[in-house]
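Below you'll find the structure, written out as structure tokens, and then a few comments.
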Amino acid sequence: MWHYIKTALATIAVLSLLTLGWKANGWRIEAGAAEALRLELRNELQRRVAEQVKVKQANDARLAAETALQAKEAEIAKGVKTVKQTIVKYVKANPDCDIPDEPASQLQKLREGGE
């Protein structure tokens, strides 16, 4: 009778160890998957931060270019104003140099892309 009890206890112990080993292996696999997901999440966050930095740098460069362009436009407008004032001051109207209305209107049409 003791022999059956010992065999049953040994079988229960072996089955318990197998079940515990199976469960521990499942935990190990889940831990590995969790570690892989954690690394993937970290890499994605780093990629997004790097992308945000690039966007900010591009925006800063755009703003700097826009400021430089506005400064150049103001400089050009000032030069044009000076030239116009100089022309009005030094170039006198000469009716002999005026283009008649018909050729002048034809030139205007050509400038606008007409025929």
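The values are calculated or read from the model by the stated rules, or taken from the named source; none is laboratory data. On a predicted model such as this, the values are computed, not experimentally measured, just so you know. Note that each Cβ is placed from the backbone with ideal geometry, even for glycine, and that neighbours are counted across all protein chains shown.
Please work out if V49 is of a type in the set (V, I, T) and within 48 Å of the chain's Cα centre (by Cα).
Working: of a type in the set (V, I, T): yes; within 48 Å of the chain's Cα centre (by Cα): yes.
It is true that V49 is of a type in the set (V, I, T) and within 48 Å of the chain's Cα centre (by Cα).
Output the residue which, of all residues in segment 78-95 that are of a type in the set (V, I, T) and part of a helix (DSSP H, G or I), is modelled with the lowest pLDDT.
Checked segment 78-95; the qualifying residue modelled with the lowest pLDDT is V88.
Can you say whether G113 is out of contact with any strand residue (DSSP E or B) (no Cβ under 6 Å at 6 or more places or on another chain) and on the phi > 0 side of the Ramachandran plot, as far as the supplied structure shows? Write out each step before concluding.
Values: out of contact with any strand residue (DSSP E or B) (no Cβ under 6 Å at 6 or more places or on another chain): yes; on the phi > 0 side of the Ramachandran plot: yes.
Yes; evaluated as a whole, the condition is true for this residue.
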